[in-house]
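Step one of this worksheet: look at the structure below.
The values are calculated or read from the model by the stated rules, or taken from the named source; none is laboratory data. These numbers were taken from a predicted model, which means no experiment stands behind them. As a convention, Cβ positions derive from the backbone with ideal geometry for all residues, glycine included, and neighbour counts pool all protein chains shown.
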Amino acid sequence: MDRLILMILAVGLVSIGITVLLGKVASRIKSLKYLPGALCLCLSIYYYYLARFVRAGEGFEDLGKFILAVFLFAAAFFSIITALIIEYRDRSKGDR
């Protein structure tokens, strides 16, 4: 169980890094920093759908798709929260 939490945190850190990098590189395009989170969320829903409804009952293949969906959902969560924090920080910096 400890390894699973560590892997989810590692995936979260990678998604945070990608979001921060996109926020720095493309600072003029405000919505670009939300792209990794949205993409991971769409992929998470897709893999959950595959694991739950498409050829359900195949055992370990379904379990692997579900775990991938969990990882992608965690990446989406961390990425969207980071993008919102960056957006809030930029707006509060601009008000001064």
Condition check for Leu68: in contact (Cβ under 8 Å) with a residue 12 or more places away in the chain, more than 20 Å from Ile85 (Cβ to Cβ), over 19 Å from the mean Cα position of the chain (by Cα) and assigned to a helix (DSSP H, G or I): no
Selected residue [farther than 23 Å from Arg3 by Cα and either β-branched (Val, Ile, Thr) or at pLDDT 95 or above (or both)] from Val70, Val54: Val54
Subset of segment 2-37 that is of a type in the set (A, V, I, L, M) and more than 15 Å from Ala74 (Cβ to Cβ) - its residue that is surrounded by the most Cβ atoms within 10 Å (Cβ to Cβ): Leu22
Residues being in a helix (DSSP H, G or I), under 13 Å from Glu87 (Cβ atoms) and among the hydrophobic types (A, V, I, L, M, F, W, C) - total across segment 20-65: 3
